1. Which count do you get for residues in region 119-141 that are buried (at least 19 other Cβ atoms within 10 Å of the Cβ) and either in a helix (DSSP H, G or I) or among the β-branched types (Val, Ile, Thr) (or both)?
2. In region 30-46, which residues are exposed (fewer than 11 other Cβ atoms within 10 Å of the Cβ) and not in a helix (DSSP H, G or I)?
3. Of all the residues that make up region 108-130, how many are within 14 Å of the chain's Cα centre (by Cα) and basic (Lys, Arg)?
4. List the number of the failed condition for residue 28; all other conditions in (1) touching a residue at least 12 places away in the same chain (Cβ under 8 Å); (2) within 15 Å of residue 128 (Cα to Cα) hold.
5. State all residues of region 47-106 that are in a helix (DSSP H, G or I) and among the polar types (S, T, N, Q); if no residue qualifies, say none.
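Laboratory data are not the source of any read-out in this text; all were calculated from the coordinates shown. Please read these numbers as outputs of a predicted model, since none were measured by experiment. Neighbour counts are summed over all protein chains in view; Cβ atoms, including those assigned to glycine, are modelled from backbone coordinates with ideal geometry.
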Amino acid sequence: MPRYDVPKAAPEPLRQMQLFINSIDVHNEIEWLPEWLNERGLTREHDRARELREALRSLVLANNRARPDPEALDVVNRELVGVSLVLDDTGNLVLAGEGGALEELVRTVARAMLDGSWERLKACPNCHWCFYDYSPNRSATWCSMQICGNRKKTREYRRRRKKAAR
């Protein structure tokens, strides 16, 4: 699994969600989902896991924008309906009955959305890498200012210079 996201690694249990979303490197077209599924004994869940991963990536991208993709919401809502959640005697959401790794991820999504930590999980608009926003005002945009932020600013600078030269 990738490791360059460690400086903006989410706290547990959102870290597991981040690793799941980052089970593909969109920029370099490297897929780690089969390995992620194999480690958890879920090789038969490939299509469901891919659909859920892409829906969650879309939702964390929406944390940088105002409106989430309706299709992504449908996928996550369908998964939420399929997971029975109850409150335990300490007020924590727990999974009722049996559940595997994907159900645990869905439960983590529900908890994070309820406690507000979901908004800090974002996806870089440049490479779509999932990162955790540690900024006090929740305004981080890039997975890494040194990598994607610098690339975007350099492109914009070159575009302005080219336009000014015309």
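1. Residues flagged as buried (at least 19 other Cβ atoms within 10 Å of the Cβ) and either in a helix (DSSP H, G or I) or among the β-branched types (Val, Ile, Thr) (or both) within region 119-141 amount to 1.
2. Selection gives 30, 41.
3. 2
4. The single condition residue 28 does not satisfy is (1).
5. Across region 47-106, the qualifying residues are 58, 77.
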